[in-house]
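Have a look at the structure below, then the notes.
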Amino acid sequence: MLGEFVTRVLVLVLGYAYPGFECFKLMESSRIDVEQLLFWCQYWVIVAIITIFERFFDIFISWVPLYGETKLAFFIYLWHPKTKGTRWVYEAFLRPLVSQHEPDIEQRLQRYRARAADLLLFYIKNFTEQGRSLFLEMLHYITAGSSSSTSSSKSKKNKRSEDDPLAIRRSEKEKDDFSYSPEVEEAFRAAQGTHRRSKPHR
């Protein structure tokens, strides 16, 4: 599993990041080497076709042993200064194949390009509608959660007051102004009786 992950990272770095950076340096240089620019254009055409092919046939080729390592080696073969396999692959395989089907490919791509604006508007509209509904659902969930937590805390408070006898006395005290428990009232009466008995008679 780790080997497969490392291979994918190396494919991204050596197959996409490094050639992309080389193209950036070539475009930003003061003197553009046309031969090098043509080389990297051919490279990206090959990589684009490989990527399209992978998307359609990945289920059939991903299980092949050492597929990732072979792909990494092929990318390095395409751009390495000692091999520069891009020119050979382009001239021997890609150019004859694309030239043979160029009118059909051009017609299909023109059709897709004409529908691209409608497709973009459809996705923007669909995204905004789904985003609005998702926002409303989240807002409803948050408000429902806060109200349910408030009601649950109130029910817990009521349950706690039902179980606590001191809370019952406190609540009864709030309802009935300064009413005491029977023990306190009895002690209060006894204290009043003692006070009356101790008072001197005239």
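For this structure, a couple of remarks:
- Tail beyond 25 Å, pair distance distribution of the range 1-130 (Cα, percent): 45 percent
- Accessible heavy-atom area order of Arg87, Arg55, Arg95, highest first, probe of 1.4 Å: Arg55, Arg95, Arg87
- For the range 1-92, the relative contact order comes to 39 percent (Cα pairs under 8 Å, sequence separation of at least 6).
- Sites Phe53 and Leu134 - FRET efficiency at Förster radius 35 Å, r taken between beta-carbons, to 0.05: 0.45
- For the range 47-152, GluC sites (Glu not before Pro) are listed when DSSP marks them as loop and at most 12 other Cβ atoms sit within 10 Å of their Cβ; the list is empty.
The values are calculated or read from the model by the stated rules, or taken from the named source; none is laboratory data. Quantities reported herein were computed from a predicted structural model and do not represent experimental measurements. So basically every Cβ, Gly included, is an ideal-geometry build from the backbone, and we count neighbours across all protein chains shown. With ligands, DNA and RNA removed, areas are computed over all heavy atoms of the protein, side chains included. Shrake-Rupley method; radii C 1.70, N 1.55, O 1.52, S 1.80 Å.
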